[in-house]
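So the structure is just underneath, and the comments pick up after that.
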Amino acid sequence: MAISVVMPALELTQETGKLVSWRKKEGEAVAKGETLLEVETDKAVVEVEALADGYLAGVKAKEGDVIAVGRTIAWIVNKGESAPADEAPAAAAASAATPAARAAESADPSADGANFGSKLKISPKARRLANELHINLDTVRGSGAGGEILASDIEAAAKSSAVSPSVVASVSGAKIETLTAIGRLMAERTTQSWTSVPHFFLVREVDASALHQTREKLAVSVATISGVKITHTDLLTALVARVLLQHPRINASWTPAGIQLHPEVNIAIAIAVNDGVIAAVIPNAHVAGIADIAKQRRDLAERAKSGKSRPQDFAGATFTISNLGMFQIDSFTAIIPSPQAAILAVGGICDRIIAIDGQPAVRSMMTLTLSCDHRVVDGARGAQFLHDLAQAIADPQKYLR
């Protein structure tokens, strides 16, 4: 039986994907789990695996094509079998990728089927983008199924317009920099979180002397065994994950049905890439060793910065750490990546004079800022989490044994 290869939905708001390359040629044998093609999304270039054993046949898309999510682009067939003549709907892939998207669209009056009498077919994302870029929808021809206008159609219209957004915005002489796909996605998601999630912030200064000393002690042994450099972020990831086990309401998510408590701790680490920041995930960080965390963090960062991230690199985060200490930032506040309940912003470690038993002493201090969703976390819970995390940072070996 032929299995359809479709343009997958790798992100919640994704409407199209760009086919970067085929890793197999038509007629070649493929194995289930083997990389079949590469797709470019708003975040990165990701590898897509074959869903079955067989032979690649009936290829309908070439490299460089921008294709609507769910559209069949090829088939995997048995030996001697021909690809179906007509394109079949990719029901399995579409249904697996779109429950959240369908829920979001049902709440958006601009979504298809909720246009209040309008016959215009346009996706919610395309409508928002058209408003931002001042595009007249009557001049846009949709490339989606049934003539639906997609975000890519709006972007193309903006580029071809005689009066471009940059010209309109630069009447006053100011130069406007066009957002990249990653930049636009960041803008959309942070705006949504900041305007819909009730944030509050808790700040705690902690003595990081033991954390710094532990990193120096482990650096040589871990580098010798695995060839990976240990960072403060690696140690914090391990400590935060273990402390989160004691605070399930911090390792939780807000849902319309209520608060979802996660049995596993999957730590997302904010990584700077060109024109934006992505959050790559270390799964089950509460049971991972330091060397394993360091290796995963390094591999995630390398793939992200080279645009070769995989879908699983971003999946399942339950808590996020954003560390700007390496940029000599003392402290900052971070926006919660909804639907997570909290995010930890980490400042740099620097020597300060503090009072210990009434006497001045120099210690390596670090400022932690916890951003919390007040629907899930109250002040007392957040404060207790920071208290326990401070104790873990003061004695890392106790928590890492």
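The values are calculated or read from the model by the stated rules, or taken from the named source; none is laboratory data. From a predicted model like this one, the values you see are computed outputs, not experimental measurements. All Cβ positions, even for glycine, are placed from backbone atoms using ideal geometry, and neighbour counts span all protein chains on display.
Restricting to segment 139-175, what's the tally of residues that are at pLDDT 75 or above and over 22 Å from R71 (Cα atoms)?
Of the residues in segment 139-175, 2 are at pLDDT 75 or above and over 22 Å from R71 (Cα atoms).
Picking from D299, D275, which residue would you name as being acidic (D, E) and at positive phi? Quick ask: steps written out before the conclusion?
Values: D299 fails: at positive phi.
Being acidic (D, E) and at positive phi holds for just one of D299, D275, which is D275.
Report, by residue number, each residue of segment 281-311 that is over 23 Å from L245 (Cβ atoms) and in a helix (DSSP H, G or I). Quick ask: steps written out before the conclusion?
Narrowing segment 281-311 to residues over 23 Å from L245 (Cβ atoms): 298-299, 301-311.
Those that are over 23 Å from L245 (Cβ atoms) and in a helix (DSSP H, G or I): R298, D299, A301, E302, R303, A304, K305, P311.
So A272 clears everything in (1) modelled with pLDDT of 95 or more; (2) part of a strand (DSSP E or B); (3) surrounded by fewer than 20 Cβ atoms within 10 Å (Cβ to Cβ) except one condition, right? Which one?
For A272, the exception is condition (1).
Going by the conditions given, is D234 crowded, with 21+ Cβ neighbours inside 10 Å and touching a residue at least 24 places away in the same chain (Cβ under 8 Å)? Talk me through it step by step, then tell me what you get.
On the way: crowded, with 21+ Cβ neighbours inside 10 Å: yes; touching a residue at least 24 places away in the same chain (Cβ under 8 Å): yes.
Against the criterion (crowded, with 21+ Cβ neighbours inside 10 Å and touching a residue at least 24 places away in the same chain (Cβ under 8 Å)), D234 qualifies.
Scan segment 196-207 and give yes if some residue there is within 30 Å of Y399 (Cα to Cα), at pLDDT 70 or above and among the β-branched types (V, I, T), otherwise no.
Yes - at least one qualifying residue is present in segment 196-207.
Tell me, please, whether a residue that is in a loop (DSSP other than H, G, I, E, B), more than 15 Å from the chain's Cα centre (by Cα) and of a type in the set (V, I, T) can be found in segment 328-346.
Yes; the residues of segment 328-346 include at least one that is in a loop (DSSP other than H, G, I, E, B), more than 15 Å from the chain's Cα centre (by Cα) and of a type in the set (V, I, T).
Which one is farthest from H262 (Cα to Cα) among residues in segment 278-298 that are free of Cβ contacts under 8 Å to residues at least 60 places away in the same chain and among the β-branched types (V, I, T)?
Here the residue is I293.
Residues of segment 350-401 being in a loop (DSSP other than H, G, I, E, B), surrounded by 12 or more Cβ atoms within 10 Å (Cβ to Cβ) and free of Cβ contacts under 8 Å to residues at least 24 places away in the same chain, which ones?
Restricting attention to segment 350-401, the residues satisfying the condition of being in a loop (DSSP other than H, G, I, E, B) are 357-358, 374-378, 395, 401.
Checking which are surrounded by 12 or more Cβ atoms within 10 Å (Cβ to Cβ) leaves us with 374-378, 395.
Passing the criteria: only D378.
Search segment 255-266 for residues that are under 18 Å from V287 (Cβ atoms) and pair each with any residue that is of a type outside the set (D, E, K, R) and assigned to a strand (DSSP E or B) when their beta-carbon atoms are under 8 Å apart and the residues are at least 6 apart or on different chains.
L261/A252; H262/A252; H262/S253; V265/F319; N266/V281; N266/I282; N266/F319
Step by step: first the residues of segment 275-300, then only those that are closer than 22 Å to A187 by Cα and either over 17 Å from the mean Cα position of the chain (by Cα) or buried (at least 18 other Cβ atoms within 10 Å of the Cβ) (or both), then the one that is modelled with the lowest pLDDT. Which residue is that?
Checked segment 275-300; the qualifying residue modelled with the lowest pLDDT is G276.
Listed here are the residues, each with its yes/no results for (1) surrounded by fewer than 18 Cβ atoms within 10 Å (Cβ to Cβ); (2) assigned to a loop (DSSP other than H, G, I, E, B).
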residue: Q213; (1), (2): yes, no
residue: A219; (1), (2): yes, no
residue: I225; (1), (2): yes, no
residue: A238; (1), (2): no, no
residue: A241; (1), (2): no, no
residue: I250; (1), (2): no, yes
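Write out, first by first residue and then by second, each pair whose Cβ atoms fall under 6 Å of each other, whose residues are 6+ apart or on separate chains, and whose first residue, in segment 304-324, is farther than 21 Å from A345 by Cβ while the second is at pLDDT below 80.
G307/A44; G307/V45; K308/V45; S309/A44; P311/L10
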